[in-house]
Ligand code: FES
């Protein structure tokens with residue numbers, strides 16, 4: 001096999017391997033940051049990550065956090081920059097993206113770029129130990 005033919009076959013093979021990864025979604029290789037709509041779920045906060053102040057968890061693309069003062073927050077998990085899943089920082093009571101370090105306050109508003117739009121915030125109500133998160 002000639003070098004030119006070999007490189008052509010390798011190139012086509014690599015493209016076929018990568019194609020499902022990059023073209024598997026409407027947004028290609030870039031992660032989506034579309035926040036979930038019609039959110040409505042309930043979590044028992046008597047156990048698990050939300051049983052202690054400062055804990056957080058992700059459910060249905062929503063990050064639910066329990067602040068150090070015991071109140072609950074819920075925002076979309078996808079960073080508005082490129083869609084990376086954010087984390088909750090209880091010490092600063094804010095949300096931080098581990099990818100490019102964008103920061104959002106407890107209401108989901110951008111406090112540090114490169115993100116330039118706010119996170120979608122969801123409502124929370126606590127009844128006994130059951131926390132409802134909803135739009
Ligand atoms: S993806 Fe979050 S700051 Fe870039």
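Taken together, the values in this text are just the output of simple stated rules run on the coordinates, not laboratory data. In this text the structure is predicted, and so the values were computed from the model without any measurement. Here the Cβ positions follow ideal geometry from the backbone for every residue, glycine too, while neighbour counts run over all protein chains shown.
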Neighbour-count ranking [beta-carbon atoms within 10 angstrom, fewest first] of 63, 86
63, 86
Residues listed by number, the stretch 68-95, amide nitrogen under 17 Å from residue 112 label point at 7 Å toward C-beta:
79-82, 84-95
Most exposed to least, judged by fewest other Cβ atoms within 10 Å, 106, 117 sort to 117, 106
Estimated FRET transfer efficiency when R0 is 30 angstrom, pair residue 68-residue 134 (beta carbons, to 0.05)
0.80
Using label points projected 7 Å from each Cα along Cα→Cβ, tell me how many nm separate residue 99 and residue 58, to one decimal.
1.1 nm
In what order do 104, 56 fall by count of nearby beta-carbon atoms within 10 Å, going from fewest to most?
56, 104
The stretch 40-134, Cα convex hull volume normalised per residue, Å³
80 Å³
Each label point is 7 Å from the Cα along the Cα-to-Cβ direction; what then is the distance between the points at residue 87 and residue 49, in nm?
1.1 nm
